[in-house]
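Student: Mind looking over this structure? Questions follow.
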Amino acid sequence: MPDTIETFTESELAHYSRHLNLREVGLEGQARLRDASVLLVGLGGLGSPLALYLAAAGIGRIGIVEFDTVDASNLHRQVLYGDSQVGEHKLACGAARLRDLNPHITIDEHACALTRDNARKIVSGYDIVADGADNFATRYLVNDTCVLEGKPLVSASIFAFEGQLSIFNHDDGPCYRCLFPVPPPAGLVPSCAEGGVLGVLPGVMGTLQATEVIKLVLGLGEVASGRLVHYDALALLFSTFRVSRDPQCTLCGDNPKIVELVDYDAFCGVSAAAESAIPQLSPACAAELLDTATDTIFIDVRDLHERLVDRLPRSEHIPLNDLIENGVPFPTSSRLIVFCATGVRSLLAAESLNKRGYGLVHNLEGGLSGWRREFPG
C-alpha cells in the first residue's frame, strides 16, 4: 500500500479523495483507473458527459476521435462547449476543457473521422472503446473493429425522449450485430438534427456509459454485457432486456463470415442514397442560383419550428408531409431546389416531386447545415 500511495502526487490525492474514501475503489482502484486507456468515438451529446466524467474520474489516457465544429444547435445538449466556441473545432475545445478539469491525465486527439482505413490502428491502442456516434455506419464500423481487435465496446444511442445502452464484445457476450444484424433503410431513422432530442437525454445516457466504463476498469458490480438497457425519459422508466451472443452472427458467431472491415456506407445504404437519381447541388452552386436565378424556386421542407430558428431568404416553406401528400403549387417545368436540415428529408421530397413529373429537381447537399458550414453568416 505505501508504494501505491507514493505513486500519487499530493494534488492527485486531493483530486481523487472521494474515490479513495470508497472501500471498493481506494488507492488500488484509482491506480487501475490511472493505468486504463479509453477511446471515445465522437464528442457530441453523448461524448460530452462521457468525456467529462471519465476525465474527472482519472482515466489515465483518453483518446478522442472527432472532426466536427461547434454549432449553436449543439449547445442545448453538448455541455462540453460554450457559446463563445461556436464555429471552433470540438476536439480542440473539448480537449482543453478536459485538461483543465484534470491535469493529471493524458488526452490523445484524433482529428479525423473514423474510417475502415484507420479504425483498427486507432482502436488497437486502447483498452476499452465507448461509442457516441450518431449514425449507423459508424456504429457498425466501431462494433466490427472492436470485435476484430478484441476490445469491449460501451455503446449508447439516443432518440427524442428515449435512450439505450449495452456493452458489446465482453466476457463472451453479444456484439452489436447480434442484436441488429441489418441496419434500417437509409433515412428511416432520423438523426438528432432531423428528429430532435430532449437536451438532458444524452446527459443521462452518456453518464451511464461513463459508469459502465469505470465498472469495467475496476471490475465492480454487474456490467451491461448481455443486457440492453432502455430508458424512457417521459415515463421515467428503465427497462432491461437479456440478450445473448448469436452463434449465427456473421461477425462474432461460431463461423464468422466477416473477417475484415467492410464498406459501411454501402452496408447502411448511405451510398445508395447518395447515388439517387436526384442530383445533388452543392451549397456554393445553390448560393449562386439564389443570388442570380429568377427561375429557380427554393423549397424548405423542414417543420415550422426549424424555420423560425434559421431560414434561407426567398425560400418557400412546404413541410415534407404536406409536400408528399399534396405536391407543390408550381408548374412541372419549374426548376426546384429542395432542402431540409441535413439533406435526408429533402431527398425524399425530391423523389416524390420527381414521381409527380418534375424533371428539374435538385437536393441541396448537406441541407441547411451544410450551407451554414460553408456560409456561416
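The values are calculated or read from the model by the stated rules, or taken from the named source; none is laboratory data. Keep in mind it's a predicted model, so treat the numbers as computed, not measured. So basically every Cβ, Gly included, is an ideal-geometry build from the backbone, and we count neighbours across all protein chains shown.
Student: Answer yes or no: is there a residue in the range 32-43 that is part of a helix (DSSP H, G or I) and among the hydroxyl-bearing types (S, T, Y). If you could, list the steps in order and put the result at the bottom.
Tutor: Filtering the range 32-43 down to residues part of a helix (DSSP H, G or I) leaves 32-35.
In the following step, the residues that additionally are among the hydroxyl-bearing types (S, T, Y) were identified as none.
The answer is no, given that none of the residues of the range 32-43 is part of a helix (DSSP H, G or I) and among the hydroxyl-bearing types (S, T, Y).
Student: Kindly indicate whether D303 is touching a Pro at 6+ places or on another chain (Cβ under 9 Å), of a type in the set (D, E) and either in contact (Cβ under 8 Å) with a residue 60 or more places away in the chain or not assigned by TED's automatic domain parsing to the domain that holds D134 (or both). First the steps, then the outcome.
Tutor: Values: touching a Pro at 6+ places or on another chain (Cβ under 9 Å): yes; of a type in the set (D, E): yes; either in contact (Cβ under 8 Å) with a residue 60 or more places away in the chain or not assigned by TED's automatic domain parsing to the domain that holds D134 (or both): yes.
In short, yes.
Student: Can you tell me which residues in the range 122-152 are assigned to a loop (DSSP other than H, G, I, E, B) and more than 23 Å from G60 (Cβ to Cβ)? Spell out the reasoning first.
Tutor: Quick first cut of the range 122-152, residues assigned to a loop (DSSP other than H, G, I, E, B) only: 124-127, 132-135, 150-152.
The answer is A133, D134, N135.
Student: In contact with a strand residue (DSSP E or B) (Cβ under 9 Å, 6 or more places away or on another chain) and at pLDDT below 95: is that true of V197 in this structure?
Tutor: Details: in contact with a strand residue (DSSP E or B) (Cβ under 9 Å, 6 or more places away or on another chain): yes; at pLDDT below 95: yes.
For V197, the condition - in contact with a strand residue (DSSP E or B) (Cβ under 9 Å, 6 or more places away or on another chain) and at pLDDT below 95 - is met.
Student: So which residues in the range 116-149 are at pLDDT below 95 and β-branched (V, I, T), if there are any at all?
Tutor: Hit for the range 116-149 is T138, nothing else.
Student: Please go through the range 44-76 and pick out each residue that is assigned to a helix (DSSP H, G or I) and within 23 Å of E374 (Cα to Cα).
Tutor: Within the range 44-76, A72, S73, N74 qualify.
Student: May I pose another question? Is it the case that some residue within the range 71-79 is of a type in the set (K, R) and under 19 Å from the mean Cα position of the chain (by Cα)? Spell out the reasoning first.
Tutor: Let us first name the residues in the range 71-79 that are of a type in the set (K, R), namely 77.
Add one more test, that the residue is under 19 Å from the mean Cα position of the chain (by Cα), and what stays is 77.
Scanning the range 71-79, I find at least one residue that is of a type in the set (K, R) and under 19 Å from the mean Cα position of the chain (by Cα), so the answer is yes.
Student: Just need a number here: residues in the range 278-307 that are more than 14 Å from V338 (Cβ to Cβ) and more than 28 Å from the chain's Cα centre (by Cα).
Tutor: So the answer is 8.
Student: Would you mind telling me which numbered condition in (1) surrounded by 22 or more Cβ atoms within 10 Å (Cβ to Cβ); (2) on the phi < 0 side of the Ramachandran plot; (3) under 15 Å from the mean Cα position of the chain (by Cα) G42 fails?
Tutor: Going through (1) surrounded by 22 or more Cβ atoms within 10 Å (Cβ to Cβ); (2) on the phi < 0 side of the Ramachandran plot; (3) under 15 Å from the mean Cα position of the chain (by Cα) one by one, G42 breaks only (2).
Student: In the set L22, L50, L54, which member is out of contact with any strand residue (DSSP E or B) (no Cβ under 7 Å at 6 or more places or on another chain) and either modelled with pLDDT of 95 or more or assigned by TED's automatic domain parsing to the domain that holds L153 (or both)? Show your work before the answer.
Tutor: Numbers: L50 fails: out of contact with any strand residue (DSSP E or B) (no Cβ under 7 Å at 6 or more places or on another chain); L54 fails: out of contact with any strand residue (DSSP E or B) (no Cβ under 7 Å at 6 or more places or on another chain).
Going through L22, L50, L54 in turn, the sole match is L22.
Student: Which one of these does K90 not meet: (1) among the basic types (K, R); (2) surrounded by fewer than 20 Cβ atoms within 10 Å (Cβ to Cβ); (3) touching a strand residue (DSSP E or B) at 6+ places or on another chain (Cβ under 8 Å); (4) under 28 Å from F159 (Cβ atoms)?
Tutor: (2)
Student: What are the pairs, 6+ residues apart or on separate chains, where a residue within the range 97-121 that is touching a residue at least 24 places away in the same chain (Cβ under 8 Å) and outside any strand (DSSP E or B) has its Cβ under 6 Å from a residue that is surrounded by 19 or more Cβ atoms within 10 Å (Cβ to Cβ) and hydroxyl-bearing (S, T, Y)?
Tutor: Hits for this filter: A119/T145; R120/T145.
Student: So, in the range 216-236, exactly how many residues are under 23 Å from the mean Cα position of the chain (by Cα) and either part of a loop (DSSP other than H, G, I, E, B) or closer than 13 Å to P174 by Cβ (or both)? Talk me through it step by step, then tell me what you get.
Tutor: First, pick out the residues of the range 216-236 that are under 23 Å from the mean Cα position of the chain (by Cα): 216, 223-234.
Of the ones still in play, those that are also either part of a loop (DSSP other than H, G, I, E, B) or closer than 13 Å to P174 by Cβ (or both) are 223-228, 233-234.
Qualifying residue count for the region: 8.
Student: Here's another thing I want to ask about it. Is the range 302-310 home to any residue that is touching a strand residue (DSSP E or B) at 6+ places or on another chain (Cβ under 9 Å) and surrounded by fewer than 18 Cβ atoms within 10 Å (Cβ to Cβ)?
Tutor: The first filter runs over the range 302-310 and keeps only residues touching a strand residue (DSSP E or B) at 6+ places or on another chain (Cβ under 9 Å), leaving 302, 304, 306-307.
From what's left, surrounded by fewer than 18 Cβ atoms within 10 Å (Cβ to Cβ): 304, 307.
Yes; the residues of the range 302-310 include at least one that is touching a strand residue (DSSP E or B) at 6+ places or on another chain (Cβ under 9 Å) and surrounded by fewer than 18 Cβ atoms within 10 Å (Cβ to Cβ).
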